[in-house]
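Okay, structure first, notes after.
The values are calculated or read from the model by the stated rules, or taken from the named source; none is laboratory data. Computed from a predicted structure; not experimentally measured. Here the Cβ positions follow ideal geometry from the backbone for every residue, glycine too, while neighbour counts run over all protein chains shown.
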Amino acid sequence: MTSFALKIIALVSMFLDHISYPLYGGFSYLNLLGRIAFPIFAFQISEGFIHTRSIKKYILRLGLFAIISQIPFQLFHQKFINPNSITLNVFFTLLFGLIAIWIYDCLKKTVDKSEKNKCHLELIVGLIVACLIGYIAELLQTDYGFWGVIVVFMFYLFKENKLAMVISFITLCIIKYGYRLIVYGFNMPTLLLGVFTALPIIFISLYNGKQGKKIKYLLYFFYPVHLLLFYFIF
């Protein structure tokens, strides 16, 4: 499966997730399908870091579209989801995840380590960096918050070990939704959300490392544009 195919799956999933709110006024089966989108976008961020020619331009581009998307996102969020909340859109979460990867990559190159303890030090440094930036994302109330940043970072950390990637991602899903089930009690919608959030790891595991068709800017513009269309149409 190419990067292009993954992006199309994520775009369709995101569209269905968002249109559920104006159509049904809240949670519906479309929101279950919508859980597929974020993990794929998170994976694409880690892949983007690996293949980008300029990490600084990548960060600036992601930050720019995070700012551009905030007004459409806030209008949509307050009209259809919660009129009293202020939340930063998912581009900010992906941006923080990208920054965590970048800082980690810079730090691990400066750590003097032997071959024996290399993996352990890289893992410790990575987790500290990701958790600190994830905490900032949580404080700023970005979409998916702390959990979202950790997912982005995890995809990069285990980029060369597909099994570890699958296990760690499913574990993060269990932690996220298991916590909700414990705190708020068992309910089927939460369980199903957890299952559908974990589902995209199947598509990600089928990724063949090829780009396919280029639709980079379609992804960036689609997000704020479709939110604005929903806001004005409905």
Requested in this report: Write out, first by first residue and then by second, each pair whose Cβ atoms fall under 6 Å of each other, whose residues are 6+ apart or on separate chains, and whose first residue, in the stretch 92-121, is within 30 Å of Ile71 (Cβ to Cβ) and modelled with pLDDT of 90 or more while the second is aromatic (Phe, Trp, Tyr) and in a loop (DSSP other than H, G, I, E, B).
Outcome: Thr93/Tyr144
Query raised in the report: Among the residues of the stretch 27-63, which ones are over 20 Å from Lys159 (Cα atoms), outside any helix (DSSP H, G or I) and of a type outside the set (S, T, N, Q)?
Result: Phe27, Arg35
Query raised in the report: Would the stretch 39-46 turn up any residue that is crowded, with 16+ Cβ neighbours inside 10 Å, farther than 27 Å from Ser205 by Cβ and in contact (Cβ under 8 Å) with a residue 24 or more places away in the chain?
Result: no
Report task. Tell me which residues, restricted to the stretch 178-201, are over 16 Å from the mean Cα position of the chain (by Cα) and of a type in the set (Ser, Thr, Tyr). Result -> Tyr179, Tyr184, Thr190
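Looking at the stretch 193-200, can you tell me whether even one residue there is among the polar types (S, T, N, Q) and surrounded by fewer than 16 Cβ atoms within 10 Å (Cβ to Cβ)? Outline the logic, then answer.
Our first condition is that a residue be among the polar types (S, T, N, Q); within the stretch 193-200, this holds for 197.
Next, from what is left, pick out any that are surrounded by fewer than 16 Cβ atoms within 10 Å (Cβ to Cβ): none.
Checked against the condition, which is being among the polar types (S, T, N, Q) and surrounded by fewer than 16 Cβ atoms within 10 Å (Cβ to Cβ), the stretch 193-200 yields no hits at all.
Quick check: anything in the stretch 21-32 more than 27 Å from Gly194 (Cβ to Cβ), surrounded by 17 or more Cβ atoms within 10 Å (Cβ to Cβ), touching a residue at least 24 places away in the same chain (Cβ under 8 Å) and over 18 Å from the mean Cα position of the chain (by Cα)? First the steps, then the outcome.
If we filter the stretch 21-32 for residues that are more than 27 Å from Gly194 (Cβ to Cβ), which is where we start, we get none.
Checking the stretch 21-32: not a single residue is more than 27 Å from Gly194 (Cβ to Cβ), surrounded by 17 or more Cβ atoms within 10 Å (Cβ to Cβ), touching a residue at least 24 places away in the same chain (Cβ under 8 Å) and over 18 Å from the mean Cα position of the chain (by Cα).
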Query raised in the report: Quick check, is Leu132 under 21 Å from Thr93 (Cα atoms), surrounded by fewer than 17 Cβ atoms within 10 Å (Cβ to Cβ) and at pLDDT 95 or above?
Result: yes
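Looking at the structure I just gave you, is Phe196 at pLDDT 95 or above, over 20 Å from Lys7 (Cβ atoms) and among the aromatic types (Phe, Trp, Tyr)?
Working: at pLDDT 95 or above: yes; over 20 Å from Lys7 (Cβ atoms): no; among the aromatic types (Phe, Trp, Tyr): yes.
The answer is no for Phe196.
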Requested in this report: Report, by residue number, each residue of the stretch 137-148 that is surrounded by fewer than 23 Cβ atoms within 10 Å (Cβ to Cβ), among the aliphatic types (A, V, I, L, M) and either within 15 Å of Ile101 (Cα to Cα) or free of Cβ contacts under 8 Å to residues at least 24 places away in the same chain (or both).
Outcome: Leu139
Query raised in the report: Quick check: anything in the stretch 38-46 among the hydrophobic types (A, V, I, L, M, F, W, C), in contact with a Gly (Cβ under 7 Å, 6 or more places away or on another chain), within 27 Å of Lys79 (Cβ to Cβ) and at pLDDT 95 or above?
Result: yes
Query raised in the report: Restricting attention to the stretch 98-108, does a residue exist that is aromatic (Phe, Trp, Tyr), closer than 21 Å to Ala42 by Cα and over 15 Å from the mean Cα position of the chain (by Cα)?
Result: yes
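Assess whether Tyr21 counts as being touching a Lys or Arg at 6+ places or on another chain (Cβ under 9 Å) and in a helix (DSSP H, G or I). Steps first, please.
Values: touching a Lys or Arg at 6+ places or on another chain (Cβ under 9 Å): yes; in a helix (DSSP H, G or I): yes.
Spelling it out, Tyr21 is indeed touching a Lys or Arg at 6+ places or on another chain (Cβ under 9 Å) and in a helix (DSSP H, G or I).
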**Report entry** Single unsatisfied condition, Pro83 versus (1) of a type outside the set (Gly, Ala, Ser); (2) crowded, with 20+ Cβ neighbours inside 10 Å; (3) at pLDDT below 95; (4) farther than 26 Å from Cys131 by Cβ
**Finding:** (2)
Report task. Could you grab the pairs with beta carbons closer than 9 Å, sequence gap of 6+ or different chains, first residue in the stretch 149-169 and more than 13 Å from Phe43 (Cβ to Cβ), second one part of a loop (DSSP other than H, G, I, E, B) and of a type outside the set (A, V, I, L, M)? Result -> Ala164/Phe158; Ile167/Phe158
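Report the residue count in the stretch 68-80 for those that are within 14 Å of Thr93 (Cα to Cα) and either exposed (fewer than 14 other Cβ atoms within 10 Å of the Cβ) or touching a residue at least 60 places away in the same chain (Cβ under 8 Å) (or both). Give the steps one after another, and end with the answer.
The first filter runs over the stretch 68-80 and keeps only residues within 14 Å of Thr93 (Cα to Cα), leaving 69-70, 73.
Next cut, either exposed (fewer than 14 other Cβ atoms within 10 Å of the Cβ) or touching a residue at least 60 places away in the same chain (Cβ under 8 Å) (or both) only: 69, 73.
Number satisfying all stated conditions: 2.
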